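Engineer: Structure provided below as structure tokens; questions to follow.
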């Protein structure tokens with residue numbers, strides 16, 4: 001008698017677990033350990049305790065500023081990306097000609113790499129600002145809104161697809177019953193559609209939060225932190241601390257990375273907890 005396929009599950013799972021442990025768990029644990037040391041190289045580490053963490057917050061104000069800038073950028077991006085993505089999803093779930101084409105067009109920017117997007121939008125924005133004798137690094141506000149525009153252009157299409165899937169999963173009988181009872185389109189939207197797609201909202205909010213808070217390549221290509229590191233986000237700040245200074249800052253950069261991980265994990269957990277409480281069981 002042939003052995004059931006389920007019996008081979010550990011054999012198929014083992015390579016994945018080994019790869020996960022080798023390329024994620026082990027480096028992650030090593031990184032935490034190295035954050036408590038002064039290490040010119042990973043094989044030449046000297047224990048310094050919490051000195052790196054203290055230095056990360058007290059040596060200069062760059063890390064604190066990057067945290068504030070990243071937090072503000074994340075909040076604005078979460079709101080704008082999800083509002084525009086949901087609005088497009090509502091429009092593209094109606095019976096209109098060419099809907100499939102528009103869905104594909106809006107999704108395409110998500111397929112372009114972050115570095116490429118950063119340089120594309122750098123050229124576009126500088127092309128406009130050059131008429132006024134300025135560029136994107138002239139003011140912090142230019143860099144901030146440039147990053148917001150870039151992020152919206154990249155993420156809206158992907159979030160739109162998720163919202164479309166949620167909207168199409170709402171039973172038509174429910175909407176028709178509400179319309180028969182005299183519910184206006186706005187009432188249907190806010191009382192039926194939005195509560196029914198809370199799982200989609202949870203996913204989109206989580207994806208937008210994590211993608212924007214840990215953004216690196218777009219920030220590097222668009223502004224590189226200019227002017228004077230005022231548009232430097234957390235990931236870029238950590239990169240510059242590790243590679244842009246002398247070898248004694250390696251531990252500080254690693255400590256910043258650990259703090260960064262804790263912040264992202266905590267925010268993501270709280271966000272998921274809050275949105276899951278509002279989900280409607282279908």
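Engineer: Please work out, to two decimal places, the log10 of the ratio I(q)/I(0) at q = 0.17, 0.27 Å⁻¹ from a Debye calculation in which every Cα of region 98-166 carries one identical scatterer.
Structural biologist: Summing over Cα pairs of region 98-166 leads to -0.68, -1.13.
Engineer: Distance in nm between label sites at residue 30 and residue 108, each 7 Å beyond Cα in the beta-carbon direction?
Structural biologist: It works out to 4.2 nm between the two label points.
Engineer: To test your reading of the geometry: what angle, between 0 and 90 degrees and rounded to tens, separates the Cα axis of helix 9-20 from the longest principal axis of the chain?
Structural biologist: Between the helix axis and the principal axis of the chain, the angle is about 50 degrees.
Engineer: Related question: If we sort 257-267, 127-137 on the protection proxy, mean other Cβ atoms within 10 Å, highest first, what's the order?
Structural biologist: Descending packing order for the listed peptides: 257-267, 127-137.
Engineer: Follow-up question, since we're still on this one. Grab every C-alpha pair in region 14-130, bin the distances at 5 angstrom width from 0 up to the longest one, and report whole percents.
Structural biologist: The calculated distribution, bin by bin, is 2, 8, 8, 10, 12, 13, 13, 12, 10, 7, 4, 2, 1, 0.
Engineer: Here's something else I'd like to know. Angle check, please: helix 198-213 long axis (alpha carbons) against the longest principal axis of the chain (alpha carbons), in degrees 0 to 90, nearest 10.
Structural biologist: 30
Engineer: Could you work out which residue, out of 142, 12, 216, moves most in a Gaussian network model of the chain, that is, has the largest mean-square fluctuation with Cα springs under 10 Å?
Structural biologist: Result for the chain, Cα springs under 10 Å: 12 fluctuates most.
Engineer: Can you tell me the relative contact order of region 123-282? Whole percent, Cα pairs under 8 Å, sequence separation 6 or more.
Structural biologist: Taking the mean separation of contacting Cα pairs over the length of region 123-282, I get 26 percent.
Engineer: As an exercise, take the mean of 1/r over every pair of distinct alpha carbons in region 151-282, invert it, and state the Kirkwood radius in angstroms.
Structural biologist: 17.8
Engineer: Checking the a/c ratio against 1.5 first, then a/b against b/c, what shape does the Cα gyration tensor give for the chain?
Structural biologist: oblate
Engineer: Follow-up question, since we're still on this one. For the residue pair residue 23 and residue 183, what label-to-label distance in nm results when each label sits 7 Å from Cα along the Cα-to-beta-carbon direction?
Structural biologist: So the label points at residue 23 and residue 183 sit 4.6 nm apart.
Engineer: Before anything else, pin down the relative contact order of the chain: Cα pairs under 8 Å, at least 6 apart, normalised by residue count, whole percent.
Structural biologist: 29
Engineer: Turning to a different aspect of this structure: Relative to the longest principal axis of the chain, what angle (0 to 90°, nearest 10) does the C-alpha long axis of helix 250-276 take?
Structural biologist: 20
Engineer: Calculate, in whole percent, how much of the Cα-Cα pair population of region 66-231 lies beyond 26 Å.
Structural biologist: 38
Engineer: Sticking with this structure for a sec: Taking the mean number of other Cβ atoms within 10 Å as a proxy for protection, how do you rank 104-115, 153-164 from highest to lowest?
Structural biologist: Going from most to least packed, we get 153-164, 104-115.
Engineer: Would you mind getting me the FRET efficiency between residue 174 and residue 9? Use the beta-carbon distance for r and R0 = 35 Å, nearest 0.05.
Structural biologist: 0.35
Engineer: Among 172, 211, 122, whose mean-square fluctuation peaks in a Gaussian network model of the chain (Cα, cutoff 10 Å)?
Structural biologist: Looking only at 172, 211, 122, the largest GNM fluctuation is found for 172.
Where a number appears in this text, it was derived from the coordinates with a stated rule and is not lab data. Model, not experiment: these values are computed from the prediction. Positions of Cβ are backbone-derived with ideal geometry, glycine not excepted, and every protein chain shown enters the neighbour counts.
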